[in-house]
Amino acid sequence: MEKENLIFTDVTERLPDCKGSQVRVYIKKSNGSISKGMFYVNGRTPTFASYGSQVFDVVAWAHCPK
């Protein structure tokens, strides 16, 4: 799937449903860059991470295709 065809959801509207330990997502940062990553709940803290580092400036997310 091309990044242009992804449907992004604003993080202030809804977070990804995390039925297991994590879910793979595309992350759109405040500077407009898009990268693959994951979403998980760390204790009670919703967390986005990419390439092993936590991402703090996430503005939107989209599900990774299977």
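Quick notes on this one:
- Matching residues, the stretch 45-66, being assigned to a strand (DSSP E or B) and more than 21 Å from Leu6 (Cα to Cα): Thr45, Pro46, Ser53, Gln54
- Summed over the stretch 10-27, the residues that are in a strand (DSSP E or B) and within 16 Å of Phe56 (Cα to Cα) give a count of 4.
- All positions within the stretch 46-66 that are within 13 Å of Val25 (Cα to Cα) and exposed (fewer than 12 other Cβ atoms within 10 Å of the Cβ): Tyr51, Pro65, Lys66
- Residue in the stretch 28-44 that is without any contact (Cβ under 8 Å) to a residue 40 or more places away in the chain, surrounded by fewer than 12 Cβ atoms within 10 Å (Cβ to Cβ), assigned to a strand (DSSP E or B) and touching a strand residue (DSSP E or B) at 6+ places or on another chain (Cβ under 9 Å) present: yes
Here, each number is a calculation from the coordinates, and none is a lab measurement. All figures in this text were calculated on a predicted structure; none of them were measured in a lab. Using ideal geometry, Cβ is built from the backbone for each residue, glycine included, and neighbour counts are taken over all protein chains shown.
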